[in-house]
Structures are given as structure tokens and as C-alpha cells.
1. Near the amide H of B:Gln268, under 5 Å away, which other amide H atoms are found, from residues 5 or more places off or on another chain, if H is placed in the peptide plane?
2. Please give the Cα centre distance for the stretch B:512-539 versus the stretch B:338-387, rounded to the nearest Å.
3. Kindly work out what percent of the DSSP beta bridges joining two residues of the stretch B:217-392 are antiparallel, to the nearest 5.
4. Can you work out the FRET efficiency for the pair A:Lys421 and A:Glu512, with r the C-beta to C-beta distance and R0 = 25 Å, to the nearest 0.05?
5. Determine the sum of side-chain charges near A:Leu428: Lys and Arg each +1, Asp and Glu each -1, restricted to other residues whose C-beta is under 12 angstrom from that of A:Leu428.
6. Amide H to amide H under 5 Å from B:Gly393: which residues, 5+ apart in sequence or cross-chain, H placed 1.01 Å off N in plane?
7. Residues with amide H under 5 Å of B:Leu317's amide H, sequence separation 5 or more or different chain, H placed in the peptide plane at 1.01 Å from N; which?
8. Cα centroids of the stretch A:499-578 and the stretch A:407-424: how far apart, whole angstrom?
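Please treat every number below as a calculation from the coordinates, not as lab data. This is a predicted model, so every value here is computed, not measured. Here Cβ is always computed from backbone atoms with ideal geometry, including for glycine, and neighbour counts include all displayed protein chains.
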Amino acid sequence: PNIQQGRQRCIYGEVSPTEAGGGSDSPAPKPAASPPSVPRPKDDFQEELVIRPLHSGDIYTSFQFRTLWETDFTRENKVSHYRLFPKSLGQVISKFSVRELHISFTQGYWRTMQWGQPYLPSPPGAELWVWFQDSLTDVDGTWKELTNVLSGIFCASLNFIDSTNTVQPSASFKPLGIGNVTDHQIVCTENLTPWKKLLPCGSKAGLAVLLKSEKLFHSSFHSQAVHIRPVCKDDQCKTTSWELRQTLNVVFDLHNSGQGKNEWSLFKMFSRTLTEACPVASSSKIYIDITDNSQGEQFELSPATPLLSQAVVLGDRRTFSVYDLTQQITFGTMRSLNLLIRGKSSDMLRPLLHAERYVAGYGLQTGEIHTLMYNNHPYRSFPVLLLDSVPWYLRLYIHTLTVTSKGKDNKPSYIHYQPSKDRVRPHLLEMLVQLPPNSVTEVTLQFERALLKWTEYTPDPNHGFYVGSSVISSLVPSIVAMDTNNSRERPLFSSFFPSKEESSYFVRVYTEPLLVNLPTPDFSMPYNVICLTCTVVAVGYGSLYNLLTRSFQIEEPSPGLAKRIANIIRKMRGVPPL
Amino acid sequence: MATTEVERRRGQLAALSIAAVVIIVGVPLWWRTTETYRAWLPVSQIKELAKLQLHLSADVEVVFARGTVTPEQQKKVPLTQTQNMEHRVDGDSFNAILTPMRLSNSASVEADLSLHTLSESPSGSLVVYVIPESSSLLPQNVDVYIGQRRTALLRIGSQMRVGKTLEQLLAHMEPRIKQVLHVMSFSHTDITAALSNRVRISPGNKESIADSMRAFKSSPGYEITFSLLNPDPKSHRLHWDIEGAVETYIQPLLTKLSPVANFSIDSQTLYYAMLGVNPRFDSSRSTYTLNADSLAHVINPVEARLGSNAASSNPVLNFLLYIPDAHHSPLYIHDHKKQQVPTNAFHSPRWGGIMVYNVNEFYEVDTVFPVDINIDMAKVMGVFLAQLRLLLGVQSSTPPPGFLVAPCGNAGLADWELDRLMWSRSVENIATATTTITSLAQLLDQIGNIVINDNIAQQVSSAVTSLQLAVSELEAGNLGFALQYSKEAILSSERAFFDPSLLHLLYFPDDQKFAIYIPLFLPMCVPILLSLLKIVSEARQKHREKKPKKD
């Protein structure tokens, strides 16, 4: 942990610990006064929905709710007064000295090749990564307690996250985190409800009224996340405020539900329409990606909006129609907004970076993990950072590690490998690999499957064991100039990863999780073994005992059967026996 | 013939020696390897604790002012007198608490009043100043005045002065002093209330039972949460200076109460938080009303939004300030007699308090919503402070007639009120820890399968030690230490009781054990037993054969 703490210090070293949470308290109770004496709130809430018709005909909807709060959770001896920020999360931050917290629950796999890059990437299953304050000494104990508390808050079994499936990456999560973990978990309504409860307006008003679980989970991809981090308030980053971002990304498969018609509306997707913005939100907007439709030939949008906005997202300049929910005019005479799009969407930018992973080999003894990373850029090569966390029960043979691109050996410029310890910690492999232009880079690694103790198997061991996604982080060369002015007001979806230079943008890609079969015993075996062993012992012991205790003596051979029968007959006849 | 006899003999010896090996080596080996680890527990001390008898005593110093004692009464000074009053509190789990109250009256005569008021008396003790009948210190109809510290003024009555000696004088004054003591330190009902969870309350009056159920159970810490419920953020933009209000009104009380427990305060604002019942419209006054019997349904839907504290497991005291939405305003709470409750607030025992704050005076004819509203925190905190006192068990029991109680000062809590709380909390803590420890010991005694680890044994013994210390300190009257030790006792006893390692193998059934043992033990033991039986029967036969020979 020392390495990360050092890094963390240099990133956030400027944060002054004396920043006050709410300064303007006057001891004397104020009389009910007129509006001008109202203090400016130190927190701010924004909500946003982005809708992007995808190339494949699916609809990508991305909700973002952001709460910003100018406060300092690290203050000693605090009295915490929450307004928009949820109290439960605030208490977690101050109790466990959390610097950053990112948690995501995802169902389904994001198909990068068909759908392009998501605004916020997340791996299938649950993922939690946390940066702790450098004042914290017992990281492991705090991590364990934190996972337990978070599983309570989000109704998820995060408490199964322990040291055996947690890694502390040395470089991969540098911009945002420390202590990463992935865990396979089915996401369901019970995770959505507590997530909605964290919003100031709940699901009563604003964009959150659309979040109806039976529609959201009837989708191809569903990912909900909570990101808490300190963000800079100005360019110099002298002061920071805390940002809570709640995101929900859903991909609706409209071919199935729309009977083949290329027509969708808010009501069709969510079975609700919008009637108002959340009253406490300072901004509440809907963005619809109409880049491919600037002339209106591909699809039509109703009601039409005159507001257009341009934003550079993921290395591409996109145009959006904007609906501002804080304006009464948006809702029209019907006092409700039901966006309707007819038609078909077209091209998308081919993702420059994408990756896939699979397990090769046969039998239950050995296997091979293949990771393929595609660089689709026609002429630029760029480096990627690959993070692999493999459970200890796949014993990696690190000497078999090969990295090849275009048939040639590609030597990684940085390798950090932490071997696993049985039942203690997983393998951690981080590599910095240069991807040549327009190429596929293949990383292969052989492993041996371990035999687990019989209590370590899951209730359905023949289903196989999940191995979390590997994470590929990279600065991908951008085609258009990125917006580096971070203080400017921008749509929320384009501001999550701050870009430091104009020529490239940050992308994180998650591969598929692996499903690996381990040699599985017959679980009635222990009792069978007990019985068999006991029988063998008993037989051996019995014969030995017999030999030792029997007294041997010569006995007259008993007369044969014929003789005995003859004797009986002779007795009946009264003749002396033979 | 002789060889067969030798051979038989050898077989018998072999069987006997195998049986001996099995009994001497096999059985102990099996016993040792399958034994559950059970660390030593101080069982005898725990048993003693189960029959614990508490003797509570409060030191009362009686100071006679000039002109209250006749010269011949002065002759025998000083003197200490002990009087016992016995109270029995019985229950099934907490065997018997005897609370004889020692009234030790050390009398000092002709002491200077002003000199005494300066000296600080230790917590748990009382000073009673006896002033002349004619003194103008007290109003005409007041006999006893109870101050903010641990002092009381007692006007000496004419009928009390008949005694010749000081003992007689004190004996005459004793009923009065007892009354003072009941108000200022502890009484039978207090102790019963503190033990109400441990012992069965004798069917007394309903009021006192309700009183005893109101306060939170003793705990090493409490979380106080103030929630502002704004069901209508479209109409109201609310501002409350909770930070300043907590600093001004709540913090002094909590600082004073810090010996009793740790407190942490937080606040939150909840939007679209509705009450569970629809208020009734009262057309005669054009107001909305909440009836007393519907108040029980108010809390549940709100509670789902309040959220539990993620960072600690201490009990939470909730204080909700509810601003009715514009369409249901003004809203008033009506009591059982259909009268408006003046504070417009109510509390729920062991849960918290709710106050309805009407803002309709901010509406004007041409008001543009949302309205900015600043909440008057003095009004709100006055109500919440009173509720907090009730919920924390700072009971203001109605004093007997002729008593005048000084209004509580800046801290909202007099010294003797704190003492009272500490008395009952110490007793409650001791009772709780004792029940926990005794039931744990009983459980471990009954279920032999439970593994007792060393750390549990250590927790148990530290709990027992703290308990014994707490009892002795309490009996000595050192309230602060007693409370401290009793808290430690609770903590370690709970830690031992709820240790997850106690759950392992708790329900490992015997039949499964036998299913595993039988394949091994049956084939081994049957031949041994049979041959032993055979040897015995042969020996008996030989014995019988010998007898006729002798005859």
C-alpha cells in the first residue's frame, strides 16, 4: 500500500484539511426572515439523461445524477449535516477514511464492437475499488469492514469480497483508485432500490421517475454505479469538493420489444413519461445524440427542440439535441414529455481499442488464457496498461507469458507480477504493452487448475468458477481535439474522466469474465471414504483379532453327511450307530 | 489336553490385552482428538453474580444553619447514623436485587452556610441545609428547595424541634430528608424502571410502566439524527441552521451527559418524505388535523427513508421536523380530547420525536412558489430538547407538595439530575451485563459442543472483573467509576456473547456423529466385547465347578 499512498499524496496533496463544511452558523436563532438572508447552499445536484441510438438498432440510455458538496469529510470531531448528499454514504466516507469509492453492479456484457465505447465502462458483475486516505494504517481491516457496510447499504453480497479476491494494483487504477476487485453477482431490483434511495428526490420526481425496475431489467445491458471522489473546484485545484455520481446505463433491445418497428419513445422504454424536473436539481437535461442525423434523414424526433449542443466525447465530436426539464416550455401543453424517435440510426465510430479474452485448452488439468487487444487506429500506435487479477486456484505459469503482435514478439515495457498465495491472495499481473497500429496483440498465459478443499466449492461447482475481467486502460489518440478546460460547464457524461491533453483521451475497456471449470469431486465422497476405510480397517483388524485370540486344537473330523444320515436311520431302527 | 488348555489361555490373554490396549490407549486418544476446545471460564464467580445483591447508598450531609439547633442538641457532634430501607426487586433472570438504602446523616452544627455552598460535593452525594423556620430564603408555602447542584434547602418545621438530642431531631426530620433523597438521587421506582427489561414488573400503575418504557435502554453511545422532512420541495425551499442550533441548544446538554454515554449528532434533509396517514380536514377552522390514534401510523413510511447508521450500531434517536405540504397546511396534532397540542409535536417511546412545523403564514395572496423559508430553530429545538431529555431518561418526576425545584440552567440539566441518571444507568448496566454473562455461562454449560476460544474466555473474565468492580464502586457511592466499569462490563460481555465463533458446530447433531463412528467402532468393538463376555462366562463356570469340588 505504500506505493499507492505515495502516488495518492502527489495527486491530492494540495487538499487543505481545514476546509470548513458549513461556516455561516450563528449562535442566536434567526427569526424567520425574508429570502435575501438565505445562505447560498454549498451543495448542488444535477441530473442528466443521454440517449444514443446505437448502430445495431439498440438504444443506449445513460442516466447520470451528480451531487457536489463543498465539505471536508476528513475533519476531526465533525458534526455532519447532510442536505443533498446521502447521509449513509457520508458516514461511510468519514468513518473509513475513504478518499475515493467506486462501486458498480452490471448485468450483461458491453459489446464494444457493436455499441462503441460506453460513457462509463464497467465489468460484468460487481466491482468495487477504493482509495483510502494515507492516514489510514490498517487497510485490510478497514477494507473488510467497508465491504460489509457497503453490502448492507446496497443489499449486495459484497461481503464475499475478501483478501482472496482483492488486489492492490500498482499502476492501472492510478487516476481514480486503489484496491480493485471484481466479483460475479446477479444484479437485481434489490440493488436498484437502495441505489434510488440515495437520490435526493428518490424516484418521486425528475428523471428518476423513469427508473422502473421491470423495464430496466428487461434489457440487454444494465449497469448501475456509484462514484465518490474529490474534484477540483477551480483550475489550480486549491480547494476540492466531494462529488457523488450515480450512473445507470441501460441498453434496450428494441428489435425484440418493438416488434421490428424502428420506433421508440420514453413511454415504450420506461413505461413512464416525464412531467417535471427534480425541484432541488440545479440542472436537469436530456441529451439525444443526433450526430448521424444532422439533416434529419435518418430519423425524426418529436417534439423537436431548437437547443443543440456539441460535445467531444471519447475522441469524437457529437451533436446532441437538448431538452431542459427545468423550463416549463419543454413539457408543452400536455404537461408531460414523451420523446419519440422514428427511423433508423446509422454509423458509429469504430472503437479504436477493444479487447476480448477466452480460455483455451482441454481437460481439467491445464489451460491457457488468451487476451486479444485490438488497435484499430490506421497509423498510430499507443500503449495500453493491462491488469489481470486471477484467483489463486488457477496457478499461472508466468514463464509461459507471451505477448505477440502481427506474428512478432512484443516485449512489454513494464511488468508487475505479484504471485498468488493459496487461500490468501490472487495473482496480479500488470503490463504496459505498446499496440502497433491496425493490429491484434495476443497475450497468452498457461495455468494449472488447483484442486480445492471440498468445503471451498460453491454450491453449484459444475457451473464453473468465474474469473474477473481484465482491465485495459489507455490513452487513445483522438481524432478531434479534446476539451482540456475542466472548469467549464459541460454535460456530465463527457466530464467523468478529465482529459489532460488535447490529442488523446482516456479509455478503460473491460474484457469478458472467464468461466473456468475446476476438477470437481463427488461430494458424497468423504462419507464413502470414511465407510470404505473403516471397512478395510475392520476386515484387517477382524482377521488379526481372530488369529490372535482363537485357540487352535486338533479336532476329530466330523462324520460325513452320508454317515450322519445313516446313523439317524439306524437310531430310528434301534440299531447301534456306525 | 494340556496343549489345548495352554492355547485357550493364550487366546484369552490376547483378547484381554487387546481390550486393555483399546481402553488404555484407544479411548483416550479418541477422546483427546475429538474433544472440543473449551477454555476455562470463571463459573463460580458468574454463579455468584447471578445471586448478586446490590446495596445502594447515598451520602447525605445535613448542615444546620445558625439558629436551628438548640445548645443542648449541639452537645453530641458529629455523628453518623445509618438507616436502612429495604426494597426488593425480584425477577426470574436477575435473581434478587436488594436495595437497602443507607441514609448516613453526618451532622455538622452551626456551620456557615456560605462556606458550605462553595465546597463542591462529589457526585452521588447530597447536602441538605436546614434553615430556620422564619428564614426568608424560601417563599411562604415552600418547605424544600432543590437547587441546581447537589444541594437542597429544608425549612425546619416547628413540630420537628421537640427533640432533646440531635438524634431525635434527625429522626423527626427523616421523612422529609427521605423525600428529598427520592427526588434527587434514586427511588424504588427508578431502580425498578431501570431493571424493567430484566425483571418482571409487578402490576403497578400504568403511568409508571409507560414512563419506564419511554426512555432508551442504556447503551455506551447514542446517535442523534435530526431530519428535516420536506414533502413538497416544489413549494417550499427550506433553510434550517441546524449546525448553529445544535451548537447552541443540544451540545451543552450532551457535554453535561458525556459521562453517561457518547453522543454523535447528524442531520439530513429528506425530500418527498410523506407521512403515512392522510390528515383530516377540519372545515370549521379550515385546518388539517392529525388525531392521536393515527399518530402510530405516521412513523413507518418515514422510517424507510431515514436509513440506518452505516458507521455504528448504537441506538438512533430520530427527531423529525415535518413541514406540511402546501395543500395540507396548516396541520395540527390533536390529542385524545380533540384539543390542539400546543407544541404540535409528539414522541414515540424509544424511537424519537416528530414535530410539525406550519409555514402557512409565509403564503401571501400572490406568492410565487417555491417560497424560501427560514425555520425558527429556537422554537424547534425547545421541543426537541424536551423530548431528548425524556428519551434519555432524565425524568422530571413530579416533586411532592411543598417542593420547589430550581429551573435547570444553561446546560439543561442539573447536577442531581445527572446523578439520578447515573444511578439508574449503572444499575441497569450491571443488570444487563450480569444477565448476558449468566445466560452465556448457562448456554455454554448446556451445550457441550460449543468451542470456547481463549479470546472469549478472556472477554468473559474481563466482563466479570469489571462487573465486580462496578458493583463495589457503586456500593461505595463512586458513581463515575461505577458507570465506567459497568459500561466496560457490558461491552465485553456483549462481545463474548455475540462472538461468531460460538456458532460453529452449535447444531452438529449426534446422529451424524454416530453415522461416521459406527463403521469403525462397531466391527472393532463387537469381537472384543464378545470375547470378553466369553471369558467372563468361562471364569464363572470354572468358579461354579470349583465350588462343588470343595464341598
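1. Under 5 Å from the amide H of B:Gln268: A:Tyr82, B:Phe226, B:Ser227, B:Leu228.
2. Between the Cα centre of the stretch B:512-539 and that of the stretch B:338-387, the gap is 82 Å.
3. On the way: 8 of 37 bridges.
Around 20 percent antiparallel, to the nearest 5.
4. Details: r = 26 Å, r/R0 = 1.06.
The value I calculate is 0.40.
5. On the way: positive: A:Lys421, A:Arg425; negative: A:Asp388, A:Glu430.
Net local charge, A:Leu428 excluded: 0.
6. B:Phe216
7. For B:Leu317, the qualifying residues are B:Glu223, B:Ile224, B:Thr225.
8. 48 Å
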